[in-house]
Amino acid sequence: MTSLLAAAAFFVLLHLLVSGTRLRDTITGVVGQGPYTGLFALASVASLTWLGFAFSAARGDPGNAAYWQVTPATRHVQLGLQLLAMLLIVPGLTTPNPTSVRQEGALERPDVVKGMLRITRHPFLWGVAIWALGHLLVNGDRASLVLFGSMLVLALFGTSSIDAKRKRALGATWDGFAAQTSNVPFAAILAGKQSLKLGEIGWWRILLAVAIWAALTWGHPYMFGVAALP
């Protein structure tokens, strides 16, 4: 469990205390944007690999007590949450977005705020947050609390971290984009700044998200050793 705690702390702090702060600006000023991006990607992959192996080992630890158990009701809720997560993650990854890595140029497009960005400017991270929350619902053991809890914290705080980073780098250009969109899903729509236009998201993105959700649900016992279906 110690290794898992260390891996989770390292993974979260790497992103929140390096990627989203002025420390990143200092590092890129010294080594350059390209080398920084490469080094950060390597560190992220290494820490994620460490996290995965540590989680696998911790789940078999005799001290890995469970605070709650999965029930038929929570399993059904989990399936719905995972579908919602995929409907945010897949379009979020495939839609041009100034909050994504090296996509700041999307701000130059007059129609940048469309589709998924009308709902939230951080669809991927909110999808990860819902994904983690769903897994916490059906995994009450200590190892899962550390793994999925750290992912939930990183996703939620990561949205504000990215906003701050983009504001420092882009100034008024970012302010204009942020004023038209919202961090919290549907907040801009409820405030009257945007309207929901599902067709702009792209039906292929929605269908792809549903297909990936179905494949992961069916293949979960083969990939992860635990059945996702009731």
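FYI, it's all coordinate maths here, none of it is from the lab. Keep in mind that what you see is a predicted model, and the values were worked out from it rather than measured. Here the Cβ is made from the backbone with ideal geometry for all residues, glycine too, and neighbour counts use every protein chain on show.
With a point put 7 Å past each Cα toward its Cβ, work out how far Arg168 is from Val77 in nm, to one decimal.
About 3.8 nm separates the two model spin labels.
Would you work out which of Phe224, Ala73, Asn97 lies farthest towards the positive end of the dipole of the chain, given +1 charges on the beta-carbon of Lys and Arg and -1 on that of Asp and Glu, about the Cα centre?
Farthest towards the positive pole: Asn97.
Starting from 0.36 nm per residue, how many nanometres of slack lie between Trp204 and Asp61 once their C-alpha separation is accounted for?
On the way: separation 143, 0.36 × 143 = 51.48 nm, distance 4.29 nm.
Extending this stretch completely gives an extra 47.2 nm.
Suppose every K and R has +1 on its Cβ and every D and E has -1 on its Cβ; what is the size of the dipole of the range 67-230 about the Cα centre, in Debye to the nearest 20? Write out the running numbers ahead of the final one.
Working: 14 positive and 7 negative charges, 39 e Å.
Roughly 180 debye, rounded to the nearest 20.
Can you tell me the length gained on complete extension of the stretch Ser44 to Ile212, counting 0.36 nm per residue apart and subtracting the Cα distance? Don't skip to the answer; put the middle values down first.
Working: separation 168, 0.36 × 168 = 60.48 nm, distance 2.39 nm.
Stretched fully, the Ser44-Ile212 segment lengthens by 58.1 nm.
Residue by residue, what Karplus-based ³J(HN,Hα) values in Hz, rounded to whole numbers, does the range 214-230 have, using 6.51, -1.76 and 1.60 with θ = phi - 60° and x for Gly and Pro?
5, 5, 5, 5, 5, x, 3, x, 7, 8, 10, x, 9, 6, 9, 7, x
Near the amide H of Gln194, under 5 Å away, which other amide H atoms are found, from residues 5 or more places off or on another chain, if H is placed in the peptide plane?
Ile189
Between Val101 and Asp25, what is the label-to-label distance in nm when each label sits 7 Å out along the Cα-to-Cβ direction?
Going from the Val101 label point to the Asp25 one covers 2.2 nm.
Taking the Cβ-Cβ separation of Leu17 and Leu93 as r and a Förster radius of 22 Å, what is the calculated FRET efficiency to the nearest 0.05? Can you show the working numbers first?
Details: r = 25 Å, r/R0 = 1.12.
Once the sixth-power term is evaluated, E becomes 0.35.
Assuming 0.36 nm per residue, please report the length gained on full extension of the stretch Ala6 to Ile189 beyond their Cα-Cα distance.
Numbers: separation 183, 0.36 × 183 = 65.88 nm, distance 3.99 nm.
Length difference between fully extended and current span is 61.9 nm.
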